[in-house]
Amino acid sequence: MTTTALLVSTRKGAWIFRADASRTTWAVDGPHFLGQIINHLVLDPRDQLTLLAAAKTGHLGPTIFRSTDWGAHWQEAAQPPAFAKAPEGEIGRVVDHTFWLTPAHRNEPDVWYAGTSPQGLFRSADGGATWAAFSGINDDPQYRAWMGSEKDGTPDGPKLHSIVVDPRDSGHLYFAMSGGGVHESLDGGATWRVLISGLNVVDGYGFDAANPTFHDPHCLRLCPSNPDRLYQQNHCGIYRLDRPAESWVRIGKNMPEEVGDIGFPMTVHPRDDKTAWVFPMDGTEVWPRTSPDGKPAVYATHDGGETWQRQDAGMPKEQAWWTVKRQSMCCDSHDPLGLYFGTTSGELWMSRDEGRNWECIARHLPEIYAVEAAVL
Amino acid sequence: MKVLIPSALRSYTQSAEAEASGSTLGELLVGLDRQYPGIRFRVIDEQHQVRRHIRIFVNGMAANGLSQLLQPSDEVVIVQALSGG
């Protein structure tokens with residue numbers, strides 16, 4: 001019998017929800033790390049046992065915890081992600097928190113990648129015990145210029161996120177920075193190239209769209225069924241890229257005008273590269289980033305972004321001002337597929353029929369930062 | 001010397017007090033980390049600065065930095081600042 005697990009990271013700890021294959025009743029396991037800020041809790045799909053948790057508290061510095069028994073016991077990293085010590089007299093950067101965790105290719109069983117705030121890229125070759133910096137990103141003058149200052153990022157700090165590994169090639173990597181654009185490596189991270197053509201930047205300020213510093217990708221996803229296809233929810237719209245093409249296409253232009261194409265998360269169907277989901281939020285005036293008009297909905301495309309369908313059955317019809325962060329929407333691999341999202345108001349929602357109907361499966365959690373699904 | 005440990009760090013020490021030695025505050029924290037691996041990085045960042053929401057007192061006075069000299073009879077207190085929510 002299969003088990004479906006949801007790994008829920010919040011501002012005050014982490015929870016694991018488990019259901020059988022029917023996904024009708026969810027058992028709660030948690031809190032883990034009560035009171036700690038958990039930005040990402042991720043299962044290693046290569047062994048389906050190992051969990052990594054990116055943690056910090058309001059007072060203490062950031063670290064990584066590892067469990068090989070589904071959270072019964074946790075071991076702290078001996079050397080968490082940290083920037084290089086700056087030469088005397090210079091101001092060096094300090095990792096505020098690890099924001100994103102990605103298991104590497106299936107042929108590299110102990111390798112993980114981490115993205116931090118402020119922007120940094122790190123790699124572990126020992127299952128998360130020690131982390132080495134990609135100095136070609138973290139300390140490179142050009143990349144540092146593109147990263148901008150801490151004032152250029154999101155309110156809780158600029159982030160390196162969406163570390164994506166091509167399932168066909170362990171050396172083919174992508175990552176995104178908010179701000180700083182999308183980047184690609186074909187040699188395991190030794191060298192990188194910018195991938196921002198076709199992406200819009202904020203209008204009205206004369207920003208140069210050719211400069212990565214003005215680009216704010218929110219969430220980058222690669223289609224498992226077609227690794228040449230990427231989708232992206234950006235600060236400035238929803239995009240698709242079909243490699244080897246180099247230029248993103250703004251498929252968000254096909255969203256209803258009154259809803260727009262602003263948001264944080266995006267998720268893709270594991271077996272159908274034409275199907276993806278977004279959670280639109282209000283990007284008008286002062287950018288509330290809540291469900292437009294207080295009427296939450298997921299929007300689905302089944303044709304690669306040519307058309308979009310509203311999916312809100314079971315959700316509140318008014319006065320629901322939800323925010324869903326970039327790591328807080330995901331899917332499982334069942335057929336029909338289950339979709340999940342968590343709100344910053346601490347509600348966990350699911351659909352077991354690919355978005356047609358929705359129900360709330362948990363309330364009263366702390367602010368949800370990330371939701372990951374696993375089928376065991 | 002005696003080091004008082006805030007609640008947020010007692011998962012490392014299993015105690016509100018620890019014993020460690022060092023001729024400077026920086027050495028003391030390195031020694032503490034040898035006994036309780038990982039504790040120093042939660043308090044001191046990679047630029048060798050005390051983290052923003054941590055304060056360290058020596059004999060009731062705010063420490064002047066990691067180079068502050070210590071005597072074996074000193075009492076060191078690590079405090080999580082009054083912040084958060």
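The values are calculated or read from the model by the stated rules, or taken from the named source; none is laboratory data. Values in this document were obtained by computation on a predicted structure and should not be read as measured data. Methodologically, a virtual Cβ is constructed for each residue, glycine included, from the backbone with ideal geometry; neighbour enumeration extends over all protein chains shown.
Scanning the stretch A:46-58 turns up no residue that is within 23 Å of A:L220 (Cβ to Cβ), facing chain B (nearest Cβ under 10 Å) and buried (at least 19 other Cβ atoms within 10 Å of the Cβ). Please go through the stretch A:270-290 and pick out each residue that is over 19 Å from the mean Cα position of the chain (by Cα) and among the polar types (S, T, N, Q). Across the stretch A:270-290, the qualifying residue is only A:T284.
A search for C-beta distances below 8 Å between a residue of the stretch A:9-38 that is among the acidic types (D, E) and any residue that is modelled with pLDDT of 95 or more and outside any loop (DSSP other than H, G, I, E, B), counting only pairs 6+ apart in sequence or on different chains, returns A:D20/A:T4; A:D29/A:W15; A:D29/A:I16; A:D29/A:F17; A:D29/A:R18.
Of all residues in the stretch A:67-87, which are more than 8 Å from chain B (Cβ to nearest Cβ), assigned to a strand (DSSP E or B) and within 30 Å of A:R144 (Cα to Cα)? Hit for the stretch A:67-87 is A:Q79, nothing else.
Screening A:T24 against (1) away from chain B (no Cβ under 14 Å); (2) not in a loop (DSSP other than H, G, I, E, B) leaves a single unmet condition, (2). Would you check if A:K317 is within 16 Å of the chain's Cα centre (by Cα), part of a loop (DSSP other than H, G, I, E, B) and either acidic (D, E) or modelled with pLDDT of 95 or more (or both)? Criteria not met by A:K317. So how many residues does the stretch A:269-299 have that are surrounded by 21 or more Cβ atoms within 10 Å (Cβ to Cβ) and either touching a helix residue (DSSP H, G or I) at 6+ places or on another chain (Cβ under 6 Å) or not in a loop (DSSP other than H, G, I, E, B) (or both)? Total meeting the criteria: 7. Of the residues making up the stretch A:206-218, at least one is farther than 21 Å from A:F134 by Cβ, touching a Lys or Arg at 6+ places or on another chain (Cβ under 8 Å) and either β-branched (V, I, T) or at pLDDT 95 or above (or both). Summed over the stretch B:35-53, residues that are within 13 Å of another protein chain (Cβ to nearest Cβ), surrounded by fewer than 15 Cβ atoms within 10 Å (Cβ to Cβ) and more than 15 Å from A:Q79 (Cβ to Cβ) total 3.
When A:R66 is tested against (1) modelled with pLDDT of 95 or more; (2) surrounded by fewer than 19 Cβ atoms within 10 Å (Cβ to Cβ), just one condition goes unmet, and that condition is (2).
From the residues in the stretch A:88-120 that are within 11 Å of chain B (Cβ to nearest Cβ) and in a loop (DSSP other than H, G, I, E, B), which one is farthest from A:F175 (Cα to Cα)? Checked the stretch A:88-120; the qualifying residue farthest from A:F175 (Cα to Cα) is A:E88. Within the stretch A:1-32, if we keep just the residues that are buried (at least 21 other Cβ atoms within 10 Å of the Cβ) and within 20 Å of A:G61 (Cα to Cα), the residue that is farthest from the chain's Cα centre (by Cα) turns out to be A:H32.
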